[in-house]
There are 2 protein chains.
Amino acid sequence: MPNPTACLLIIGNEVLSGRTRDANLQFLATRLGDMGIPLREVRVIPDVPETIIGTVNEVRAKFDHVFTTGGIGPTHDDITSECVAAAFGVPWMVHEETRALMAEDYARRDPPVEFNAARLRMATLPQGATPIRCAMTTAPGFSMGNVHVMAGVPRIMQSMFEALAPSLAGGVPVVSATVHALGVYEGNIAEALAAVQARFPALDVGSYPFYRSHGPQGFTGGGVALVAKGVSQEQVEAAAAAITEMLESMGATPIQGEPPPA
Amino acid sequence: MPNPTACLLIIGNEVLSGRTRDANLQFLATRLGDMGIPLREVRVIPDVPETIIGTVNEVRAKFDHVFTTGGIGPTHDDITSECVAAAFGVPWMVHEETRALMAEDYARRDPPVEFNAARLRMATLPQGATPIRCAMTTAPGFSMGNVHVMAGVPRIMQSMFEALAPSLAGGVPVVSATVHALGVYEGNIAEALAAVQARFPALDVGSYPFYRSHGPQGFTGGGVALVAKGVSQEQVEAAAAAITEMLESMGATPIQGEPPPA
């Protein structure tokens, strides 16, 4: 059975304007790959209702899981939750259990936090959604069908994801092996590398040039990182061995593993 | 006349797998906003021909400009150029002027670089494309219609973008003003902030919570950054003044401008 697939929607004007550098993509890409739910597409979209609704409906039909980050706070530009309700065609309603948990939390603070209309929005969920509760806040994320709605603030998003993760049916973990070579240019190895890719059609073989100056060991110069990736550890290892052999036959000195030589 | 719109396609398995953290989105978002060509959507897609072709055709019809990064090197996984040719339904052909420039460059190197079949791929462009030549490399990016194809390596992408930028018809620059307030929680200001947004419907008013620990001035704690953004400097300044007044009326101490208190 093929692995389930995932799509990430990063919702927020602040990422599109360059104000905020997204920090969630790489975390989720890595964790989902480890769980065998590889990320197949990411979209960054603005806080515009019709864009959010349309995109959610497009991608939830196309991928096994959709993860969203951003737009679930108390302010007027936090509209992800009501847009997901609209996308599913269900009412957006106060979730009583969540309201009670938040009320208890706010009353316990010193000084107590006012549970006003803005904060009540964070207890309002699409009808039928399952809250994602985490240690960082009583204002929850939620899952609605295959759409998993999380906060944009990285430490809260990560806490929500770890709370959600055990409930996701994973696949075969995606594994990879990397071989680095210094002083090797992509243009010189392209043909031989394509032959390795052809020998391992079930894997992704990728080539990523790098340049380091004044690293800890004083290395300055360029090279390539060659990566074999897939769900078969055995094939990944065999491909890494073939890449190593290819580099050695060209007189280069391959270096196995991450991180690249600094 | 409304500003032209832009979409960015980040093409590459390495970003989707978490191996590489994208560094191009924020650069392009900022530069394009300054030029009045705001970024309206970003997609990160894999090195899969039908995905690249389909996505290019979808977004080039939807946005005034499409920028792509990644997939124009010499290796087998560099397929952006031939996919753009397929999207436009034109042949993918050796571009003679580019071939000659690259041949001259490679011959001049010490030792000379072999102009092999892999490197010739980088001189192969969709028929009718205009090369984007930059100081970093003789292997060009290119514009095909409203699709601007650039390298994925940030310093090369930036060099290509600056070479391309003067030829793009910009719009009215997007400007913004930011007001920070320490010890202020979104839930307490949401209603008053929504009233500011309502007073300035042509602007985007955004709220971004932050948390700093042990900054240079020893500040530890949370707060909000409130941002007014749009094409009218006058309105942006008026909205920032309204936000400042709102914060002062609540007893907070607003701090104008970037960067946030560290």
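The numbers here are math on the coordinates, done by the rules we state, and not lab data. It should be emphasised that the depicted structure is a prediction, and the values quoted were computed from it without experimental measurement. Counting neighbours? That spans all protein chains shown, and the Cβs are built from the backbone with ideal geometry, glycine included.
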**Asked** Looking at the protein assembly as shown, what % of its DSSP beta bridges pair antiparallel, to the nearest 5?
**Response** 70 percent
**Request:** Pick out, in residue order, every one of the GluC sites (Glu not before Pro) in segment A:152-215 that is DSSP loop and has at most 14 other C-beta atoms within 10 Å; say none if there are none.
**Result:** none
**Request:** Quick one: compute the contact order of segment B:175-256, relative version, from alpha carbon pairs under 8 angstrom and 6+ residues apart, as a percent.
**Result:** 45 percent
**Message:** Just to confirm the numbers: A:A117, label point 7 angstrom along the Cα-Cβ line, distances to the other copies in nm, shortest first?
**Reply:** 6.9
**Extended-chain gain in nm, criterion 0.36 nm per residue less alpha-carbon gap, A:F210 and A:K62** = 49.9 nm
**Message:** Just to confirm the numbers: B:A165, label point 7 angstrom along the Cα-Cβ line, distances to the other copies in nm, shortest first?
**Reply:** 4.0
**Prompt:** Which whole-number percentage describes the relative contact order of chain A, with Cα contacts under 8 Å and a sequence gap of 6 or more?
**Reply:** 17 percent
**Fill in**
Which residues qualify? For A:H148, with a placed amide H closer than 5 Å and at least 5 residues away or on another chain, they are A:V66, A:F67, A:T68
**DSSP-defined antiparallel bridges as percent of all bridges, chain A, nearest 5** = 65 percent
**Asked** Which residue is it, in chain A, whose C-beta lies closest to the A-to-B rotation axis, and what is that distance in whole Å?
**Response** A:R43, 3
**Asked** Measuring label to label, 7 Å along Cα→Cβ, what does A:R212 give against each other copy in nm, shortest first?
**Response** 3.4
**Message:** 5 Å is the cut-off here: which amide hydrogens, built 1.01 Å from N in the peptide plane, fall below it relative to A:I132, excluding neighbours closer than 5 in sequence?
**Reply:** A:G141, A:F142, A:S143
**Asked** Taking the DSSP beta bridges in segment A:1-95 as the whole, what percent of them are antiparallel, to the nearest 5?
**Response** 0 percent
**Item:** Qualifying lysines (Cα of each under 21 Å from Cα of A:K62; at least 8 residues distant if same chain)
**Value:** B:K62
**Request:** Provide the FRET efficiency to the nearest 0.05 for the B:A195-B:Q233 pair, computing r from the beta carbons and using R0 = 25 Å.
**Result:** 0.70
**Message:** Using a Debye calculation, one point per C-alpha and no hydration shell, please list log10 I(q)/I(0) for segment A:104-262 at q = 0.10, 0.17, 0.18, 0.21 Å⁻¹ in order.
**Reply:** -0.62, -0.94, -1.01, -1.22
**Request:** For A:S249 paired with A:Q127, estimate the spin-label separation in nm (one decimal), with each label point 7 Å from Cα along the Cα-to-Cβ line.
**Result:** 6.6 nm
**Message:** Tell me the mean residue ellipticity at 222 nm calculated for chain A from its helices only (DSSP H runs of n ≥ 4, each -39500 (n - 2.57), averaged over every residue, nearest 500).
**Reply:** -11000 deg cm²/dmol
**Cleavage-rule hits (trypsin sites (Lys or Arg not before Pro)) in segment A:45-121: DSSP loop, at most 15 neighbouring Cβ within 10 angstrom** = A:R109
